[in-house]
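FYI, it's all coordinate maths here, none of it is from the lab. Worth saying up front: this structure is predicted, and the values here are computed from it rather than measured. Glycine also receives a Cβ, built like all others from the backbone with ideal geometry; neighbour counts cover every protein chain displayed.
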Amino acid sequence: MATNLVIISCGRVRERYILDGEQEYLKRFPSDFPVEVRETKGTLDKIDDIQQLVLLDERGTLMNTSEFAADISVRRDDGVKSIGFAIGPAEGWSDEDRAKAHRTLSLSPLTFPFQMTRLILIEQIYRAYTLIRGLPYHK
């Protein structure tokens with residue numbers, strides 16, 4: 001059974017160039033490697049079906065791309081049905097939100113707007129997918 005990877009975005013993306021970039025990567029995933037994007041209104045709702053929740057946070061664990069791919073692969077092999085990667089609101093995560101998470105992940109010590117973070121995360125998940133499957137990935 002496939003692990004569903006869900007990007008939970010606290011906020012709506014309206015910039016066409018970001019949405020186009022997201023769609024470019026999302027259409028590349030095969031049905032046995034499902035990735036979806038959910039938009040929320042700034043709180044962690046729409047997560048009842050998420051088995052493992054990962055908050056993106058500047059204080060989270062830094063991983064390189066190979067480590068990120070291995071982490072996803074191990075969780076898939078362990079039978080995790082769904083992994084949610086939550087991109088937080090501008091004011092950061094509340095203690096209540098942090099209590100719901102299994103772990104935190106940092107994409108970079110730099111701060112990005114959530115719209116760019118979504119696109120970067122989708123690209124990194126795609127890159128992880130190609131590493132897991134042993135596929136070449138060229139821009």
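Quick look at the values:
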item	result
Complete set of residues in the range 77-94 that are loosely packed, with under 14 Cβ neighbours inside 10 Å and of a type outside the set (S, T, N, Q)	ASP77, ASP78, GLY79, ALA90, GLU91, GLY92
In the range 64-73, the residues that are touching a residue at least 24 places away in the same chain (Cβ under 8 Å) and crowded, with 17+ Cβ neighbours inside 10 Å	PHE68, ALA69, ILE72
Conditions (1) part of a loop (DSSP other than H, G, I, E, B); (2) over 19 Å from ILE8 (Cα atoms): number failed by VAL80	(2)
Residues of the range 107-132 satisfying the condition of being among the basic types (Lys, Arg) and without any contact (Cβ under 8 Å) to a residue 12 or more places away in the chain	none
Selection within the range 15-63 - over 24 Å from LEU131 (Cβ atoms), touching a residue at least 12 places away in the same chain (Cβ under 8 Å) and either assigned to a strand (DSSP E or B) or not hydrophobic (A, V, I, L, M, F, W, C) (or both)	GLU15, ARG38, GLU39, THR40, LYS41, GLY42, THR43, LYS46, ASP49, GLU58, ARG59
Criterion violated by PRO109 - all others in (1) under 22 Å from GLU39 (Cβ atoms); (2) exposed (fewer than 15 other Cβ atoms within 10 Å of the Cβ); (3) not β-branched (Val, Ile, Thr) satisfied	(1)
